[in-house]
Ligand code: MLC
Ligand code: AMP
């Protein structure tokens, strides 16, 4: 049966013996094995009651099985819902309650802790363990390798990825088969991926970058990936001679630049370094070029839109810019209030339209409507300008968002937790320059008169509730927060006051 996304992958498949991935432990999976394993896993999902359109949530460590689970969901017509492994059970409870998945797939050690919140959401817990332990892998092993893909049209959902909200709770971005397929196709073309490419994949696979940009590009190019559990500079240097490409967040490049093994010689087999998910400092771009002779290619995207722009493969990769709109994507700069288009060089809201742009937020029609213009452009929340040569520059964010090491962190969520603590009047959470992570989370807190609450108590209280990467790395106590005449906290003043707390030269 026609299955829009998986048919596109099948149509590009190389001979079954070709390598799809190799893990850091030396395990390999060929394209033929991928077809069989994802087919068996799709059969296991169906046996567990998954119907077309059902959500399948997954909070699992990075593994080839997790990729098979993603493909199995696509093939079974389910909607894949990956979740950051750092999320606490409290955070998980919200996602499950909102998305009401049929299944929640976790690592065996998490089964007990996740069961209560899954139960409340009416979901069944499955583990992605090993064969012989009653896990999904076990059920998959009993399934035939041939699976008749469930029919899915271009507009049917393939995945929901949650993006935190500047106000209120996280929103589930609904991504269709066509959203994912169109973006993979255009990126393969733009970045010249072929079956000869070997990508170092060291990103997590619960976000757009590692799951769609990296994995789908490899699948659509019939290429191979060196599938690393996590980013480790020593490993990267040792893998370079076997690879042709690396995709990473700016922190990857910052950390690699500190490694003595990064040289022109050690990177000579690499044809393409890609950076995205957060701004790459011009100084990083320049230093990389000086050390290796390679110009990092920076691109810009987001959960809701996949990738929107890229610096050119051939032609100038301009430091400090995110390049040109991808083929098929319209990008304009508009007045943030009125939506009126602005001219070249003027700073305004970046708005995009195209086959890459999502179908809306899961069960939030009002929020969806509020973020689209009547002519179909999506309001990204990023502020930017287009220069005379058409290059897009991101100059700031219209949304109150911190990006640390490529992870989005919404201050509002942390402020709500801190404000709820006894002895706290109010707080403001800001991102300030951090030499390694780009931005570091800083909390500025006003205590009630006489209250003795200190940084340790704050950390202890939020520790259980918020994922570790969201925790403030610096906490300051003040008498008052600066406010404008409207009473709004002036975060720009706070960012200025605390800009040196993580010394950039550290
Ligand atoms: C880890 N920690 C972080 C962090 N990552 N803190 C803040 N921000 C981060 N990004 C914390 C851990 O909780 C831990 O805290 C300590 O740092 C060390 O943990 P680690 O696991 O050893 O971290 P490390 O491996 O060094 O991870 C850093 C990283 C990783 C940069 C390699 O965060 C990473 O892979 N980031 C990629 C994120 C990504 O894929 N983003 C794409 C989103 S999609 P402690 O105190 O307990 O030691 C998107 C769209 C688009 O944005 O355009 O692509
Ligand atoms: P996410 O919601 O996790 O997908 O994060 C998307 C956000 O990351 C975008 O809206 C931008 O603010 C930011 N982003 C992604 N790529 C870049 C880039 N190359 N430069 C600057 N910001 C980026």
- prompt: Looking only at residues in the stretch 386-425 that are assigned to a strand (DSSP E or B), touching a strand residue (DSSP E or B) at 6+ places or on another chain (Cβ under 8 Å) and in contact (Cβ under 8 Å) with a residue 60 or more places away in the chain, which one is farthest from ligand 1 (Cβ to nearest atom)?
  reply: 393
query: What number of residues in the stretch 287-312 are away from ligand 2 (no atom under 16 Å from the Cβ) and either part of a loop (DSSP other than H, G, I, E, B) or surrounded by fewer than 18 Cβ atoms within 10 Å (Cβ to Cβ) (or both)?
result: 6
message: Suppose we filter 432, 388 for residues that are more than 16 Å from ligand 2 (Cβ to nearest atom), under 30 Å from residue 345 (Cβ atoms) and surrounded by fewer than 19 Cβ atoms within 10 Å (Cβ to Cβ); which single one remains?
response: 388
- prompt: Does the stretch 100-116 contain any residue that is within 23 Å of residue 358 (Cβ to Cβ), assigned to a loop (DSSP other than H, G, I, E, B) and within 16 Å of ligand 1 (Cβ to nearest atom)?
  reply: no
query: Does the stretch 212-238 hold any residues that are crowded, with 19+ Cβ neighbours inside 10 Å, in a helix (DSSP H, G or I) and out of contact with any helix residue (DSSP H, G or I) (no Cβ under 7 Å at 6 or more places or on another chain), and which are they?
result: 214, 218
task: State the number of residues belonging to the stretch 491-506 that are at pLDDT 95 or above and part of a loop (DSSP other than H, G, I, E, B).
output: 5
query: What are the residues in the stretch 241-286 that are crowded, with 16+ Cβ neighbours inside 10 Å and part of a helix (DSSP H, G or I), if any?
result: 250, 251, 252, 253, 254, 255, 256, 257, 284, 285
task: State which residue is nearest to residue 323 (Cα to Cα) when the search covers only the stretch 364-385 and only residues that are outside any loop (DSSP other than H, G, I, E, B) and away from ligand 2 (no atom under 15 Å from the Cβ).
output: 372
task: Name the one entry in 202, 184 that is farther than 22 Å from residue 257 by Cα, modelled with pLDDT of 95 or more and touching a helix residue (DSSP H, G or I) at 6+ places or on another chain (Cβ under 8 Å).
output: 184
- prompt: So which residues in the stretch 317-331 are within 16 Å of ligand 2 (Cβ to nearest atom) and either free of Cβ contacts under 8 Å to residues at least 12 places away in the same chain or at negative phi (or both), if there are any at all?
  reply: 317, 318, 319, 321, 322, 324, 325, 326, 329, 331
- request: Name, by its number, the condition in (1) at pLDDT 95 or above; (2) out of contact with any helix residue (DSSP H, G or I) (no Cβ under 9 Å at 6 or more places or on another chain); (3) assigned to a loop (DSSP other than H, G, I, E, B) that does not hold for residue 472.
  value: (2)
Residue 376, sole failed condition from (1) on the phi > 0 side of the Ramachandran plot; (2) touching a strand residue (DSSP E or B) at 6+ places or on another chain (Cβ under 7 Å); (3) in contact (Cβ under 8 Å) with a residue 60 or more places away in the chain: (3)
message: With in a loop (DSSP other than H, G, I, E, B), surrounded by fewer than 20 Cβ atoms within 10 Å (Cβ to Cβ) and in contact with a helix residue (DSSP H, G or I) (Cβ under 6 Å, 6 or more places away or on another chain) as the only criterion, which of 154, 148 stands out?
response: 154
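The values are calculated or read from the model by the stated rules, or taken from the named source; none is laboratory data. Bear in mind the structure is a predicted one, so any value in this text is a computation, not a measurement. Backbone-built Cβ (ideal geometry, glycine too); neighbour counts: all protein chains shown.
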